[in-house]
Amino acid sequence: MDKYEFVKDIGVGSFGSAKLMRNKATQELVAMKFIERGSKINTNVEREIINHRSLIHPNIVRFKQVLLTPTHLVIEMEYAAGGELFDRIVMAGRFSENEARYFFQQLISGVSYCHFRNVCHRDLKLANTLLDGSPVPILKICDFGFSKSSMLHSRPKSIAGTLRYIAPEILSGSEYSGKMADVWSCGVTLYIMLVGAYPFEDQKEPRNYRKTVQRILGAQYKIPDVVYISQDCRHLLSRILVAPASRRITIEEIKNHPWFLKNLPWKESEAAQGIYYWNDNSTYSSQSLESIMEIVREARKPAMNPPSVIISSEIKSQPSGKEPEAAKGIYNSNEKLASSSKRLESTKEVNEQEENVEHLVEEEEEEYDKKVKEVYEDKQVKEVDEDKQMNKEHEDNQVKEAYKCSICRNKMIKMLCRTSLFLTYAFLQISWYQ
């Protein structure tokens, strides 16, 4: 490859792969998401590119350009060396209230900006929040594969996101506010940072998804007695994790909450953030929307060569001019396939199982009967004695139980998964019945 050289793989999933690449001329490190040409270039990919391209904010991974190879569509973006926020929590067990607030303030700043640009993310979670490589980490939101723009797309009503972070109204099967669903996911993220566990998951039965769904629908969560959380923080959580979206606190109200405002860095203040809200530059990328859409249309054609030649294939792109200097950071796909268990403080070992449920709906009137993909990243929570030696284990798990959950009136979700020791992904069928 002439312009770029391969450095390492940084993510593999059903979408394709994410790779760390180096620009030979500038020595700049960039993250590239490779999606196989053909049927995988769907409406979700198009939305991801259009929406991500429109966002310019320090708490959002920077979109750079779209490239085309004979075999793949390539999304080039900022590379950041700090890894996932989730991994930081796994290593710590849980955060202090001050540390959780520091990252939550940045998360809300990024989400607030997305909403100002009329983009709802719809899959906010720790695996989609990355850190740059600086000593004082900067949080960056990534992966806009489920995003929707209220200016360009219909009002959301499809099931999209990750079960443990998903808002109750999404399970209703009717239209919902993507922005208010994002608020709920931010609340779940805050809870995990503070407690080191999922708010709606039964730790004794983490794979009882029927129970998880029931708890989400009822907004039933508890804060363990052993975890100290201030009254202001508890109040904020109680305002966010509210089942009726109409009673839920808004992003703007969160930004004015006493707990959020405490120790707020100046760069996260309204005065400092104004430059990003009113900047006339609509994108970091010098590629026009027309040229990007032309590349996407071309990418819908089947690959010319086997996917295995991707690294040696010459990358072709529309002229993009000089790219802005990239910040240091890391990109990991929402569909990353990995599972591990790591030691946590005192008596816990957290094992996160990320499930991404894609409900592919082209338009509002299409049938809700689509094949979807689901990926699980397993990090199970278990209690051990203080003096017992804790070992790190790496296992690939796939959910073996099938379950069916009734939702809104006469609509039902049916999820069926099978166990396989050596497989690292699961396919989820979701069917809606009238």
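The values are calculated or read from the model by the stated rules, or taken from the named source; none is laboratory data. Because the structure is a prediction, the values reported are computed rather than measured. Cβ: placed from backbone, ideal geometry, glycine included. Neighbour counts: every protein chain shown.
All of GLU253, GLU270 fail the test of being under 24 Å from the mean Cα position of the chain (by Cα) and among the acidic types (Asp, Glu), apart from GLU253.
Can you confirm whether segment 163-170 contains a residue that is assigned to a loop (DSSP other than H, G, I, E, B) and of a type in the set (Val, Ile, Thr)?
Among the residues of segment 163-170, at least one is assigned to a loop (DSSP other than H, G, I, E, B) and of a type in the set (Val, Ile, Thr), which makes the answer yes.
For segment 89-109, the count of residues that are within 28 Å of TYR4 (Cβ to Cβ) and surrounded by 24 or more Cβ atoms within 10 Å (Cβ to Cβ) is zero. Somewhere in segment 11-24, is a residue buried (at least 19 other Cβ atoms within 10 Å of the Cβ), in contact (Cβ under 8 Å) with a residue 40 or more places away in the chain and among the β-branched types (Val, Ile, Thr)? No, that holds for no residue. Of all the listed residues (ARG248, ARG234, ARG207, ARG239), the sole one being at pLDDT 95 or above, surrounded by 18 or more Cβ atoms within 10 Å (Cβ to Cβ) and among the charged types (D, E, K, R) is ARG248. If you go through segment 52-64 and pick out every residue that is of a type in the set (S, T, N, Q) and either modelled with pLDDT of 95 or more or assigned by TED's automatic domain parsing to the domain that holds GLY110 (or both), you end up with 1. Of the numbered criteria (1) part of a loop (DSSP other than H, G, I, E, B); (2) under 24 Å from PHE34 (Cβ atoms); (3) more than 17 Å from the chain's Cα centre (by Cα), the one ASP143 fails is (3). Filtering segment 79-90 for residues that are within 25 Å of VAL296 (Cα to Cα) and out of contact with any strand residue (DSSP E or B) (no Cβ under 7 Å at 6 or more places or on another chain) leaves an empty set.
The residues of segment 31-73 that are closer than 30 Å to GLN105 by Cβ and among the small types (Gly, Ala, Ser), listed by number, are ALA31, SER54.
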